[in-house]
1. Find the residue count for the stretch 307-329, including only residues that are in a loop (DSSP other than H, G, I, E, B) and either among the aromatic types (Phe, Trp, Tyr) or open to solvent by less than 60 Å² (accessible area, probe 1.4 Å) (or both).
2. Whether any residue in the stretch 217-232 is under 27 Å from Ile358 (Cα atoms) and part of a helix (DSSP H, G or I) is what I want to check.
3. Being on the phi < 0 side of the Ramachandran plot, at pLDDT 95 or above, of a type in the set (Asp, Glu) and open to solvent by 10 Å² or more (accessible area, probe 1.4 Å), is that true of even one residue in the stretch 333-351?
4. Go through the stretch 164-198 and give me each residue that's within 21 Å of the chain's Cα centre (by Cα) and hydroxyl-bearing (Ser, Thr, Tyr).
5. Of the residues Ala101, Ala95, only one is in contact with a Lys or Arg (Cβ under 7 Å, 6 or more places away or on another chain), crowded, with 20+ Cβ neighbours inside 10 Å and modelled with pLDDT of 95 or more; which?
6. Filter the stretch 1-33 down to the residues that are assigned to a loop (DSSP other than H, G, I, E, B) and hydrophobic (A, V, I, L, M, F, W, C), then identify the one that is nearest to Thr270 (Cα to Cα).
7. Quick check, is Pro89 under 26 Å from the mean Cα position of the chain (by Cα) and surrounded by fewer than 19 Cβ atoms within 10 Å (Cβ to Cβ)?
8. Return the only residue of Gly202, Gly190, Gly198 being closer than 27 Å to Ala53 by Cβ and either charged (D, E, K, R) or surrounded by fewer than 23 Cβ atoms within 10 Å (Cβ to Cβ) (or both).
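The values are calculated or read from the model by the stated rules, or taken from the named source; none is laboratory data. Here the structure is a predicted model, which is why all the values come from computation and not from measurement. Glycine gets a Cβ as well: all are built from the backbone with ideal geometry, and neighbour counts include every protein chain shown. Note: accessible area is taken over every heavy atom of the protein model, side chains too, but ligands, DNA and RNA are not part of it. Shrake-Rupley method; radii C 1.70, N 1.55, O 1.52, S 1.80 Å.
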Amino acid sequence: MTTLLEHIQAPAGTGRPITDPATGDEVGRVPDATIADLAAAIETARAAQPRWAALGDAKRVERLNAAADAIEAKAEELAVLLSREQGKPLNGPNARFEVGACAAWLRAATTPDVSPEVIVDDGQVRAEIHYRPLGVVGAIGPWNWPMMISVWQLAPNLRMGNTVVMKPSEYTPLSVLALAQVINTALPDGVLTVVPGGREVGEALAAHTGIAKIMFTGSIATGQAIIRSSAETVKRVTMELGGNDAGIVLDDADPAAIAEGLFWGAFINTGQTCAALKRLYVPDTLYDAVCEELAKLAATTPMGVGLAEENVLGPIQNRKQYDIVASLVQEARRSGAKVLVGGDPDPDAVGNFYPATIVAEIDNDNALVAQEQFGPALPIIRYSSLDQAIAWANGLDVGLGASVWSPSPQRARDVALQLQAGTVWVNEHGAIDPRVPFGGSKSSGYGVEFGREGLLECSQAVSVKGSAGSFV
């Protein structure tokens, strides 16, 4: 029986090799698409879109639920490929979790009601809003959660009658190609196409006049370039860009009770998550205890090759990101910060393994705090007054997520409403929910995903208005 990998990869001797960040072994070879390939994919998607829209909402929902069933039927094969290509372990909140989330998010996109709304009907005037497809949507995804974020992008667009052309990260294209191969067993031809390629393919997708909207998850710099391109072609955009999420522990918290939530808020996917906890503010009275609890977890949580069932932390996906994390921790140590655990990777180790690292006694303006590290290193900053902690948390020009940790619901809510972020969690961090809109503030982007609000951002709102009785 042909495996998914055999079906999607380039023939022997062609394409580009993709290597396992844990072992250095070749996973497979990806066919590198050209600008001409992209143009052909967009034309195919444009031809398929009217037929897909004409199916109607109920039939599209049926196809998306069938796609979720197909993912579940291939879940283990998808998880193994994801683990080998991205590096994340099978277990914990990692590869099997991500594949499961793909099916769950597909189903979640089918549940909100997007029927036309009557917004005025006063006996003299009647007005309705109808939600129509945009056309072809371009999606550009990242390497940290390549399958799950692809579904975040494609599911709402397919539900709303758009067709989708996706450009995955150059680091993790095989995962996305395999996912699309499975999803496409439930879709008509041309509705979903993946075009793997380099930066030039992404730039061409963002600039193409046949693309009505771009959805992008990735760096602020790349997002800014896409936004500039969208101005030329008046595209709609949804931007989920970089974050540097702050967490604030209040002085009534129990360090032992919150330690595990803090740890996984920061170290989920080995810290390679846009909305992970990346800087933690702790009051003087609890500082030593919180540091001690987190250091114990960092020292004892197993890290290693993803296919080994015991591991729940894996390598950093690529060497470029590894070097960023290593440099930031090294500079923090040189500046006088205290590395409680980690910070000393084995120079002879195979793979991009950087140990889970807790850094204490660090200044708020240190680069490890002020820059998004996007890896397994958490700085813990001491504060004396809550107002100071809130000011520090709000002091950067990013605002994807934030969190507050306290057993007092009212105190936590009061602080949460002072934080400048698209989402503020209480006694958890990064716990996204397909029913709850998610998006950034400040330089972390704009537009929202998930829930009814996310679906409507993938549509054109059409107002139909007339005198009462002139239409029904």
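1. 8
2. The answer is yes; a qualifying residue exists.
3. No: zero hits.
4. Within the stretch 164-198, Ser169, Tyr171, Thr172, Ser175, Thr193 qualify.
5. Numbers: Ala101 fails: in contact with a Lys or Arg (Cβ under 7 Å, 6 or more places away or on another chain).
None of the other options fit; the residue is Ala95.
6. Our first condition is that a residue be assigned to a loop (DSSP other than H, G, I, E, B); within the stretch 1-33, this holds for 1-3, 9-15, 20-25, 31-33.
Of the ones still in play, those that are also hydrophobic (A, V, I, L, M, F, W, C) are 1, 10, 12, 22, 33.
On the way: Met1: 34, Ala10: 30, Ala12: 33, Ala22: 13, Ala33: 30 Å.
Here the answer is Ala22.
7. Judged against the criteria, Pro89 is not a match.
8. Working: Gly202 fails: either charged (D, E, K, R) or surrounded by fewer than 23 Cβ atoms within 10 Å (Cβ to Cβ) (or both); Gly198 fails: closer than 27 Å to Ala53 by Cβ.
Going through Gly202, Gly190, Gly198 in turn, the sole match is Gly190.
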